[in-house]
1. Lys and Arg at +1, Asp and Glu at -1: add these up for the other residues within a Cβ distance under 13 Å of Arg463 and post the number.
2. List every residue whose amide H lies under 5 Å from the amide H of Gly223, counting only residues 5 or more places away in sequence or on a different chain, with H placed 1.01 Å from N in the peptide plane.
3. Apply 1/(1 + (r/R0)^6) to the Cβ-Cβ distance of Ser354 and His185, taking R0 = 51 Å, and write down the FRET efficiency to the nearest 0.05.
4. For the chain, what does the helix formula give at 222 nm: sum of -39500 (n - 2.57) over DSSP H segments with n ≥ 4, over the residue count, nearest 500 deg cm²/dmol?
5. How large is the accessible surface per residue of the chain, computed with a 1.4 Å probe and reported in Å² as a whole number?
6. Report the Cα centroid-to-centroid distance between the stretch 417-467 and the stretch 241-287 in angstrom, as an integer.
7. Want the number for Leu158 to Arg433: 0.36 nm per residue separation, take away the alpha-carbon distance, what's left?
8. Enumerate the calculated ³J(HN,Hα) couplings along the stretch 391-406 in order (Karplus 6.51 cos²θ - 1.76 cosθ + 1.60, θ = phi - 60°), each rounded to whole Hz, writing x wherever the residue is Gly or Pro.
Amino acid sequence: MADSALPRVEFAALSRGEGTSLTLGPLDGRYREAVAPLVDFLSEAALNRDRVHVEVEWLIHLTRHSVLPGTGPLDAGQEARLRAIVTSFDAGSVAELGEIEAVTVHDVKAVEYFIGRRLDGIGIGHLKPLVHFGCTSEDINNLSYALGVKGAILDVWLPAARALVASIADLARTSRDTPMLSRTHGQPATPTTLGKEMAVVVHRLTRQLDRIAATDFLGKINGATGTYAAHYASVPQADWQDVARSFVEGLGLTWNPLTTQIESHDWQAELYSDVARFNRILHNFCTDVWSYISIGYFAQIPVAGATGSSTMPHKVNPIRFENAEANLEISSGLLDVLASTLVTSRWQRDLTDSSSQRNIGVALGHSLLAVSNVVKGLARLDVAEDVLAADLDGNWEVLGEAVQMVMRAEAIAGVPGLDDPYERLKDLTRGHRVDAGRMREFVGGLGLSAEAEQRLLALTPARYTGIAADLVDHLR
């Protein structure tokens, strides 16, 4: 039998060619545009830029405060030229660091040498021993990751998530009075309003966003095992805890005074758990919207030129919500792994955190992609009020709850003949469709007080929404 396999182009080899970039993961390929802002904070290049930033600021901090004998403050021009190493960090800098690391086989040591190469040109070549002074690699890494994660969350992810929640809140407000049949256990239940149901989601998501916004981004710079041993051995007269605290806080982070070689990453675990919880609430929203679309509560606005199905031209598929579901699941899975892995380190240090943290951008990227898709999906929805109204009118039996509660209240008030209200309504409604005529006939034969009877006869499924519309006001 002839071999029908086609010859394959070796894409791995092709990707190594000059000017060719073939990606392994979808975030760097198909979905690059949606997650590109995270690259400035959580890519390998951004990590190295932040390492350079931390090293430069540590050098400036030590000289400004004359922590070491024989050193004094640099002049303004020297400080500016030092900081220019960070602000001018570009593709050439990345390449140079890569060349240094190929020799050192150590990424943070490469950063130290990268900065050292530039000190002679600034006129402070004698301060090369001050670069990375008293530091273990984790002193630089933990601060760099904290800065990167802080920027990614506060400048990229959180604004995108808040904009999404604002879109859902807009839908809640515009549909606050739109009655809708509830479905508990998938069965017709006490009516609500579409706006109130959207407001519930907004309230849940907002609580998570508030927790995320309040995150403490911790950092430390206290040496090989967190004891300042090398610091005090070399410069015993300095108050190294104060030096460390003021430096970490000067970076805009919260100082952690008690660590091993690594900052314990508990704050990261807390943050990732909160983001994962946001993801899961949003996932619940996506599945609900998908279901509402499937029963016609929402109509999808077709995109000009788009194809819903390769064979069924009538279809407009809810792909934005389905795509979001998948990416939220991937993001939450990765965030769960990060949250559980990062809080554990054997004795004073192991390297499991190093490999794990390189996936922070991937985890947040899938969440950001999902947020983008939900925003786009919401923009293509119309509320089908006629469908919602027809569904309510076809389920008069949901008024059974109201009728039996009025019967109970009347019985308590002394109106006779209103025994066993639940059982009587169950006989009328359970497993049976009840129309308006049958429900009103039943109410008229109960012997209620005139006021109670008129109240029930005026009630329809669409009017049986309690204060659902008013509850939307809690979003203000």
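The values are calculated or read from the model by the stated rules, or taken from the named source; none is laboratory data. Quick caveat, the model's predicted, so the values are computed rather than measured. Counting neighbours? That spans all protein chains shown, and the Cβs are built from the backbone with ideal geometry, glycine included. To get the accessible areas, we keep the full protein, side chains included, count just its heavy atoms, and leave off ligands, DNA and RNA. Shrake-Rupley method; radii C 1.70, N 1.55, O 1.52, S 1.80 Å.
1. Values: positive: Arg455; negative: Asp177, Asp393.
So the environment of Arg463 carries a net charge of -1.
2. Residues meeting the criterion, in which the H sits 1.01 Å from N, are Thr136.
3. 0.60
4. Details: 22 runs with 275 residues, N = 476.
So the calculated ellipticity at 222 nm is -18000 deg cm²/dmol.
5. Values: 23780 Å² over 476 residues.
Counting only protein heavy atoms, the per-residue value for the chain is 50 Å².
6. 55 Å
7. 94.3 nm
8. So the J values, rounded to whole Hz, are 5, 5, 5, x, 9, 5, 5, 5, 6, x, 4, 4, 5, 5, 6, 5.
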